[in-house]
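See structure below.
The values are calculated or read from the model by the stated rules, or taken from the named source; none is laboratory data. Note that the structure is predicted; figures quoted are calculated from it, not measured. We place every Cβ from the backbone using ideal geometry, glycine too, and count neighbours over all the protein chains shown.
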Amino acid sequence: MKKQIIIDTDPGPDDGVAILTALGSPLIEVLGICAVAGNVPLPYTIRNVCKILELAERQEVRAFAGAEAPLTRPLFTAEYVHGKTGFDGYDLPEPTMPVQPQHAADFIVEEVMSRPPRTVTICALGPLTNMALALERDERIAGRIEQIVWMGGALSEGGNVMPAAEFNCYVDPEAAARVLSSGAPVVMMPLDVTHKAHVTADRIQRFRSIGNKVGPIFAELLTYAKQFDWEKYGADRAPMHDPTTVVWLLRPELFSGRQVNVEIETVSPLTTGMTIIDWWGVTDRRKNAYVVRDIDAEGFYDVIFESFRRFP
């Protein structure tokens with residue numbers, strides 16, 4: 001039986017790679033794709049969702065717009081990495097497919113509650129605002145979701161947008177705190193693992209050489225976005241973040257981690273958005289997340305390229 005997933009995202013090229021890895025896998029059924037404000041504002045993220053679906057010729061997959069802003073804070077975005085549109089670096093055609101009228105959070109609730117318990121997985125690639133709103137609408141979904149696989153947070157890597165905070169968690173720490181306290185099963189892909197899955201020049205060339213239209217386009221999008229990381233971390237050190245969530249579903253043996261307690265800092269002006277991870281079990285707080293720290297990077301990229309080769 002195919003894994004049934006909802007993708008909640010703020011594309012960004014990394015998000016696009018994650019979405020296409022899911023769409024290209026015969027082992028996954030994408031029930032819908034939800035957009036949230038994050039890397040860029042919501043009008044761009046939902047448009048980018050539709051651009052990806054049309055590029056993949058998968059317009060039958062429904063797209064839903066969600067939260068325009070975090071639960072309690074003004075929106076902080078990352079145009080300095082991805083450009084104004086989130087997809088700067090390649091001029092994809094304007095999409096023509098419709099966006100569904102239903103709010104993304106309502107769609108999440110409806111899908112989870114209408115299907116058998118523990119059969120729907122949420123792949124969360126951005127701030128957790130939509131997921132927090134869904135839990136607010138119906139807290140019962142926490143007990144019915146198979147798992148929430150979230151790219152967010154960090155343990156030993158510090159932060160990538162503030163000294164102590166990873167971007168997705170920093171944008172809406174209250175949402176992250178709400179999700180992690182909900183009782184839903186959470187798998188967390190922090191910077192500790194994404195920083196071990198480097199986008200190298202050789203891997204960019206593998207995208208470019210796939211032999212279809214999708215691979216070369218994403219080679220250009222990734223080249224544009226990863227210039228920021230190459231300048232920040234050094235040559236061939238750009239992390240690939242969001243696809244870890246999808247590859248986890250397909251090949252969990254490529255990863256390792258442990259079940260621990262994770263708390264979110266929401267108050268301190270210095271550490272807002274920090275994920276406090278009790279890796280060594282020094283507290284008696286509930287172990288509420290499986291935190292991944294290691295990855296087989298070659299195997300990870302093999303899964304991505306296997307999916308990409310299935311597109312036109």
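Structure data summary
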quantity: Residue match in region 15-22 (condition: more than 15 Å from Phe311 (Cα to Cα) and touching a residue at least 12 places away in the same chain (Cβ under 8 Å)); calculated: yes
quantity: Enumeration of residues in region 8-54 that are polar (S, T, N, Q) and touching a strand residue (DSSP E or B) at 6+ places or on another chain (Cβ under 7 Å); calculated: Thr9, Thr45
quantity: Count of region 255-264 residues which are in contact with a helix residue (DSSP H, G or I) (Cβ under 7 Å, 6 or more places away or on another chain) and assigned to a loop (DSSP other than H, G, I, E, B); calculated: 0
quantity: Qualifying residues in region 134-154 (those that are out of contact with any strand residue (DSSP E or B) (no Cβ under 7 Å at 6 or more places or on another chain), within 21 Å of Tyr290 (Cα to Cα) and among the aliphatic types (A, V, I, L, M)) - the one surrounded by the fewest Cβ atoms within 10 Å (Cβ to Cβ); calculated: Ala142
quantity: All helices (runs of 4 or more DSSP H) inside region 1-118 with 1 or more residues being of a type in the set (A, V, I, L, M), in contact with a Pro (Cβ under 9 Å, 6 or more places away or on another chain) and crowded, with 22+ Cβ neighbours inside 10 Å; calculated: 13-23, 42-55
quantity: Helices (runs of 4 or more DSSP H) within region 137-254 that include 1 or more residues more than 16 Å from the chain's Cα centre (by Cα) and either of a type in the set (Val, Ile, Thr) or closer than 18 Å to Ala22 by Cβ (or both); calculated: 201-208, 214-233
quantity: Per-region count, region 279-298, residues surrounded by 12 or more Cβ atoms within 10 Å (Cβ to Cβ) and of a type in the set (Phe, Trp, Tyr); calculated: 2
quantity: Which listed residue, of Leu42, Leu71, is within 16 Å of the chain's Cα centre (by Cα) and either hydrophobic (A, V, I, L, M, F, W, C) or closer than 18 Å to Thr21 by Cα (or both); calculated: Leu42
quantity: Within region 66-118, considering residues that are modelled with pLDDT of 95 or more and β-branched (Val, Ile, Thr), the one nearest to Glu146 (Cα to Cα); calculated: Val112
quantity: Residue tally, condition touching a strand residue (DSSP E or B) at 6+ places or on another chain (Cβ under 6 Å), free of Cβ contacts under 8 Å to residues at least 40 places away in the same chain and within 15 Å of Tyr301 (Cα to Cα), over region 238-265; calculated: 0
quantity: Failed item, numbered, when Met1 is tested on (1) out of contact with any Gly (no Cβ under 6 Å at 6 or more places or on another chain); (2) modelled with pLDDT of 95 or more; calculated: (2)
quantity: Residues within region 124-136 that are in a helix (DSSP H, G or I) and within 21 Å of Thr45 (Cα to Cα), tallied; calculated: 6
quantity: Exclusive hit being among the basic types (Lys, Arg) and modelled with pLDDT of 95 or more, set Arg203, Arg178; calculated: Arg178
quantity: Among the candidates Ser268, Ser307, residue that is of a type in the set (Ser, Thr, Tyr) and either surrounded by fewer than 20 Cβ atoms within 10 Å (Cβ to Cβ) or free of Cβ contacts under 8 Å to residues at least 12 places away in the same chain (or both); calculated: Ser268
quantity: Condition check for Gly273: touching a Cys at 6+ places or on another chain (Cβ under 6 Å) and among the small types (Gly, Ala, Ser); calculated: yes
quantity: Thr121 surrounded by fewer than 16 Cβ atoms within 10 Å (Cβ to Cβ), at pLDDT 95 or above and not in a helix (DSSP H, G or I); calculated: no
quantity: Selection status of Tyr301, over 30 Å from Arg73 (Cβ atoms), of a type in the set (Ser, Thr, Tyr) and surrounded by 16 or more Cβ atoms within 10 Å (Cβ to Cβ); calculated: yes
